[in-house]
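Structure, as structure tokens:
The values are calculated or read from the model by the stated rules, or taken from the named source; none is laboratory data. In this text, all values refer to a predicted model and were calculated from it rather than measured experimentally. A quick note on method: Cβ atoms are made from the backbone with ideal geometry, for glycine too, and the neighbour counts reach across all protein chains shown.
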Amino acid sequence: MFLKRFRKSKPTTDAEYVSAYRATGDLAILGELYERHMELVYAVCYNYLRDEDEAKDAVMHLFEQLVTDLRKHDVQQFQAWLHSVARNHCLMLLRKNQAHPKAVQLNGTAEYEADEHQLTSLRSDESENSMLDREEDLNHMEACLQTLPTEQQTCLKLFYLEQKSYLEVAELTGYELKQVKSYLQNGRRMLKICMSK
């Protein structure tokens, strides 16, 4: 009982976890914090990369990146910051894959890496433009999402990015089912208006 008073309580909020990790550098603390958001990170990565294995690899790389990044940056809103870091990581991977496609097989035997000159002649302008358009759209959507009320942001992220059901969103947020449906409906409408500007 006496010792309990002096024992540090375990972090409960993201901010407490971030603070504890920045103070100690304890990877177990970072691991617990990351685990709370791993589903979201995977959903973001899969949303961009459209490949399960690549998304899983990205989730692991992002954890390694956090080990140093989180000690360098004073993060206030961890979930929003992590979402942004995951998005940027995936966009960087997509750009890199466009610049350096995987080895091309010729006659089923030899493999040759396409050099920059071959790549330029092989890559169609259309696919590059659609990639840039998609990136622009995603950046615009991200900016628009930030302008919505917190309740709408939370519900939209859980429902679309984490693919939770109405009931799961209600359980996770503590909102009533009617409220969840209302936040999603209004959030979608507001997002559409913002995106059309």
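Of all residues in the stretch 55-79, which are more than 16 Å from M38 (Cβ to Cβ) and either among the acidic types (D, E) or surrounded by fewer than 16 Cβ atoms within 10 Å (Cβ to Cβ) (or both)? Of everything in the stretch 55-79, those that are more than 16 Å from M38 (Cβ to Cβ) and either among the acidic types (D, E) or surrounded by fewer than 16 Cβ atoms within 10 Å (Cβ to Cβ) (or both) turn out to be T68, D69, R71, K72, H73, D74, Q76, Q77. Pairs needed: first member in the stretch 10-29, outside the structural domain of F78 (by TED's automatic domain parsing) and at pLDDT 90 or above; second member anywhere, surrounded by 13 or more Cβ atoms within 10 Å (Cβ to Cβ) and assigned to a helix (DSSP H, G or I); C-beta distance under 8 Å; at least 6 residues apart or different chains. Once the first residue is outside the structural domain of F78 (by TED's automatic domain parsing) and at pLDDT 90 or above and sits in the stretch 10-29, no partner that is surrounded by 13 or more Cβ atoms within 10 Å (Cβ to Cβ) and assigned to a helix (DSSP H, G or I) comes close enough. Among the residues of the stretch 170-197, those that are more than 20 Å from M141 (Cα to Cα) and within 24 Å of the chain's Cα centre (by Cα) comprise A170, E171, L172, T173, G174, Y175, V180, K181.
The condition (being surrounded by 11 or more Cβ atoms within 10 Å (Cβ to Cβ), part of a helix (DSSP H, G or I) and either touching a strand residue (DSSP E or B) at 6+ places or on another chain (Cβ under 9 Å) or at pLDDT 85 or above (or both)) is satisfied by just one residue among Q98, Q152: Q152.
This table checks each residue for (1) of a type in the set (S, T, N, Q); (2) within 18 Å of E162 (Cβ to Cβ).
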site: S9; (1), (2): yes, no
site: H37; (1), (2): no, yes
site: H61; (1), (2): no, no
site: D74; (1), (2): no, no
site: V85; (1), (2): no, yes
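Being assigned to a helix (DSSP H, G or I), in contact with a helix residue (DSSP H, G or I) (Cβ under 7 Å, 6 or more places away or on another chain) and either of a type in the set (V, I, T) or within 23 Å of T147 (Cβ to Cβ) (or both) is the filter here, so list the residues in the stretch 160-189 that pass it. Passing the criteria: L161, V169, L172, T173, V180, K181, Y183, L184, N186, G187.
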